[in-house]
Structure formats: C-alpha cells, structure tokens
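First the structure, in the form of structure tokens, and then the observations on it.
The values are calculated or read from the model by the stated rules, or taken from the named source; none is laboratory data. Since the structure is predicted, the reported quantities are computational estimates derived from the model, not experimental observations. Here the Cβ is made from the backbone with ideal geometry for all residues, glycine too, and neighbour counts use every protein chain on show.
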Amino acid sequence: MKVIMHRKTIFLFLSAVLILAAAAFLARDAVRSALFSVTGEENLLSQARGLVDYATNIIRPMPNTADNVPVDEAALSPFGVNTFLEQEVEPAKRDLQLRLMAEAGFKWIRQQFPWADIEISGKGNFEDCRNGPCIDAWAKYDNIVDLAEQHGISIIARLDAPPKWAQTTPGDFAPPTNLDDYGDYVAAVVERYKGRITHYQIWNEPNNYNEWGEQPVNPEDFTRLLCTAYRRIKEIDPDAKVLAPALTPTISLEPGPGPGTGLNDFIFLQRMYDAGAGQCFDIMSAQAYGLFSGPTDRRMRARNVNFARPMYIRDLMVQNGDASKPIWISEMNWNAVPDEVADKRFGQVSLETQARYLPLAYERIQNEWPWVGVAATWFFKPASDAEKDQAKYYFRLVNPDFTPLPVYDAMKAYTQGK
C-alpha cells in the first residue's frame, strides 16, 4: 500500500509540474512581459538573473524619493531634446530641425551656448573672425532663439566650454582661471536673452575628467563656479531658473588625472552640498541612460548604472533638505549602434527597440517620478555624418539628411496620443 501511495504521490507531483510548465509555456509572452517590467531585460536568461537581482531590493535600503512633497518646476511638458543647432551653418536647416521637433511634440531643447563660440578671441570681444571677414558672434544664437520662439519651443541654455584665452590649463572644457570672466560671459548671455530664455544650466558632468579639462575633478572648485554663475544670473533676471549640471553616472573613485577617471556622482554631489551648492541652483539635473537594460529596470544598486539611477540623486537631495526642488533629465536614450561599429560602451539595441524604449521611458517618468520635470532625449540630429564610426552618433533621432529614424516616429506618435 505504501509503495502504491508513493507512486501516486510522485505521479501527482509530476502531473502538477507538467501542468505548471504547460501553463508557463502557454503564457510565456505574459511571463516575459512581466519579467521585462521589473528587470528591463529582453533575453530570458538575463530576465531570470535580473529577477534574482530585483528580489534583493527587499534587503536593501531603497532611495527615499519623497514623492508626496510638492515640487516646483515639475508640472511642465516633459518632452525635451538635445540639439546642436549651432553646428548647422544654414539658418534654413536650423528652422527645419525645430519644425520637426515641434511636430514630434518636443517643447524644450537643451542647447549649448559655448563660451568659446561667443567671446572668442579675448575679453569683451564678441566678433567671430575665424573664417574671413569678422561677423557678430551673437548672430547665430540670436537666430536660434528667434526660431525656437517661432516654433513654440523653450530653451535650456547650457553655459560652458571656455575659450583658450580664459584658461591656463589645457583641455577643451577646463574651468576658467578667473571665475569673474566666466561670470561676465554668463551675465552677457542672460542680459541679451532676458525674458526669452528662462532656464540656464551651468556646465555638464563636472565629475568627469574629460568634462573638467582633463584635470582632477574637484566638487568644491565646481561649486564656486556654480555659485558665481547663479549670483550673476539672479542679479540680472531674478525669475530665471538655474540648473545644476547632470553628473556622469560612474562608480569611479579616481578624480584623475588620466582617461576614464572621475568621481562617483553621489560622492561628488554630496561634496557639492557640503560646499554650499544647495543655495546655488533651483533645479537639479541627472543623466538617465539605460545602457544595457530597458526603461523598466527596477533593480536598485548604487553600483549599477541603469535608468533608475536618478532615484539615488533624488534621495541625496531629500537628505540635504532639497525635496521641494525638481530633477530635470539632461540626457537619456538607448544606443542603436550597428554591429560594424566596434565600440559598444553605451550598450546596443536595435532601431526598433530604441523606438520602443524611449516612449516607455517618458511613460515611467510621468507615472512614477512626480519630482521630474523636463526630460531631454539625447539627441535630435548631427549636422553631418563625420562621427558615424563612433557609438555616440547612434543616439540620434534624425539623420544628417533629415531622414527620421523609427524612434522619431515613435515619439511623434506617443506625444500625439497624450
């Protein structure tokens, strides 16, 4: 009798396993979708591993994002995009870019106003004599501001890239020797566009060796630069909003010098706060690159760089009494680099996957992150295909010849459905 019962138990157990396996097979699409919704992974094996990682969230302290705290400058259209309009020689091409952006539902552009392209050859000299007869260095930027207004698009003006005359150290993005020179350039931009440009971002990724003039990064030095710019902006236009820069997401603890060095974004930001940066910006910025997983990745590890990383930036803001300030995303997207390009440092997705991920990213921001305002996609269009052998080229939404890619069409359809 015991043998019969034992065989019956085994039979029932195997039957249950087969039934569950069959159910899982029949519902495999639903299961895969559920796994993607928490891991951001597409491959089944990666999803299984990701699920284990996700399960460890319950034993880790999660970021305190203070979702119930009212946040200024968050209830705006989130649809922004990075532009290189200053690289388009012909005004008609700038106009066409902005028209295509407006048609795709983008309401904001993050556009650099490079100091080295405005006050080019010396203090107070706003003429461009580099390519023949001297012309007004402001003319190109006046045109960008005019066209953006015509298309109903607001500008986040990124203020960085010092000219050589203002530096004593090498490197394209080395900080100025005299902070007052930088302050004067910032003041000149704000004075010229007061009431037309309302948001100014100070620098970009200063915790990155390459973005700090290839010299050791220094949060205290950067905070002095940030506060100089903040003071000069507010003196001219008290209603203008100042954005702190997005920091490079990195686990590096080597401030430099040396290629690939930098300081962890969380450590750098806390040291900025310790140096008084909290009094010198209205809006925090963050990068939200997905890199090797999709926008639904909910695995929270401080050493992971995924789409959820801005939640840790928000946590640091809350800890430092800045819960009422928003985060604006400076750059986000997925890299549709083709196989023939060797560099896969930014991950690799197909054009179709990129087109699926970007609207999902905006959906998550709007549904889950009430403390995020504008999120600027990286990037709209290169002026030429000179960098098509580099991975960074393949974040684009539109080709140099203005041919839209699937991700552009997907964003256009998404924003029109809102």
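Key figures
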quantity: Residue tally, condition assigned to a loop (DSSP other than H, G, I, E, B) and either aromatic (Phe, Trp, Tyr) or at pLDDT 95 or above (or both), over segment 301-321; calculated: 6
quantity: Positions within segment 248-268 being crowded, with 17+ Cβ neighbours inside 10 Å and either of a type in the set (Asp, Glu) or touching a residue at least 60 places away in the same chain (Cβ under 8 Å) (or both), in sequence order; calculated: PRO249, ASP265, PHE268
quantity: Residue check, VAL81 within 21 Å of the chain's Cα centre (by Cα), of a type in the set (A, V, I, L, M, F, W, C) and modelled with pLDDT of 95 or more; calculated: yes
quantity: Index of the failed condition, ASN143 passing every other in (1) polar (S, T, N, Q); (2) within 30 Å of GLU214 (Cα to Cα); (3) in a helix (DSSP H, G or I); calculated: (2)
quantity: Residues of segment 322-339 that turn out to be surrounded by fewer than 24 Cβ atoms within 10 Å (Cβ to Cβ) and assigned to a strand (DSSP E or B), as a count; calculated: 1
quantity: Pair list, Cβ under 6 Å, 6 or more apart: segment 39-65 residue over 15 Å from PHE307 (Cβ atoms), other residue of a type in the set (Asp, Glu) and surrounded by 11 or more Cβ atoms within 10 Å (Cβ to Cβ); calculated: GLN47/GLU41; ASN64/ASP315
quantity: Any chance GLY294 is at pLDDT 95 or above, of a type in the set (Gly, Ala, Ser) and in a loop (DSSP other than H, G, I, E, B); calculated: yes
quantity: Near pairs, Cβ below 9 angstrom, 6+ apart or cross-chain, from segment 80-94 (more than 17 Å from SER330 (Cβ to Cβ) and touching a residue at least 12 places away in the same chain (Cβ under 8 Å)) to any residue that is part of a loop (DSSP other than H, G, I, E, B) and of a type in the set (Asp, Glu); calculated: ARG94/GLU88
quantity: Residue tally, condition surrounded by fewer than 21 Cβ atoms within 10 Å (Cβ to Cβ), out of contact with any helix residue (DSSP H, G or I) (no Cβ under 8 Å at 6 or more places or on another chain) and not aliphatic (A, V, I, L, M), over segment 73-87; calculated: 4
quantity: Selection within segment 152-181 - of a type in the set (Ser, Thr, Tyr) and more than 25 Å from the chain's Cα centre (by Cα); calculated: THR168, THR169, THR177
quantity: Sole exception among (1) out of contact with any Leu (no Cβ under 8 Å at 6 or more places or on another chain); (2) surrounded by 19 or more Cβ atoms within 10 Å (Cβ to Cβ); (3) in a helix (DSSP H, G or I); (4) not hydroxyl-bearing (Ser, Thr, Tyr) for ARG94, by number; calculated: (1)
quantity: Selected residue (only one of ALA277, ALA288 is touching a strand residue (DSSP E or B) at 6+ places or on another chain (Cβ under 8 Å), in contact (Cβ under 8 Å) with a residue 24 or more places away in the chain, at negative phi and crowded, with 21+ Cβ neighbours inside 10 Å); calculated: ALA288
quantity: Hits in segment 183-213 (condition: in a helix (DSSP H, G or I) and closer than 16 Å to PHE113 by Cβ); calculated: GLY183, ASP184, TYR185, VAL186, ALA187, ALA188, VAL189, VAL190, GLU191, ARG192, TYR193
quantity: Only listed residue being buried (at least 20 other Cβ atoms within 10 Å of the Cβ), among the acidic types (Asp, Glu) and either within 29 Å of HIS199 (Cβ to Cβ) or out of contact with any strand residue (DSSP E or B) (no Cβ under 8 Å at 6 or more places or on another chain) (or both), chosen from ASP297, ASP343; calculated: ASP297
quantity: Residues that are touching a residue at least 24 places away in the same chain (Cβ under 8 Å) and buried (at least 17 other Cβ atoms within 10 Å of the Cβ), drawn from segment 122-146; calculated: TRP138, LYS140, TYR141, ILE144, VAL145
quantity: Residue in segment 163-177 that is surrounded by the most Cβ atoms within 10 Å (Cβ to Cβ), counting only those that are among the small types (Gly, Ala, Ser) and farther than 17 Å from GLU220 by Cβ; calculated: ALA166
quantity: Single match in VAL190, VAL186 (criterion: buried (at least 21 other Cβ atoms within 10 Å of the Cβ), among the β-branched types (Val, Ile, Thr) and closer than 18 Å to GLY122 by Cα); calculated: VAL186
quantity: Identity of the residue in segment 158-182, touching a Leu at 6+ places or on another chain (Cβ under 9 Å) and assigned to a helix (DSSP H, G or I), that ends up farthest from PRO257 (Cα to Cα); calculated: TYR182
quantity: Residue satisfying all of: in segment 46-78; over 30 Å from VAL242 (Cβ atoms) and outside any helix (DSSP H, G or I); modelled with the highest pLDDT among these; calculated: PRO61
quantity: Test: residue in segment 359-374 that is under 30 Å from LYS234 (Cβ atoms), among the hydroxyl-bearing types (Ser, Thr, Tyr) and part of a helix (DSSP H, G or I); calculated: no
quantity: Any hit, segment 218-229, residues being farther than 25 Å from ILE327 by Cβ, β-branched (Val, Ile, Thr) and modelled with pLDDT of 95 or more; calculated: no
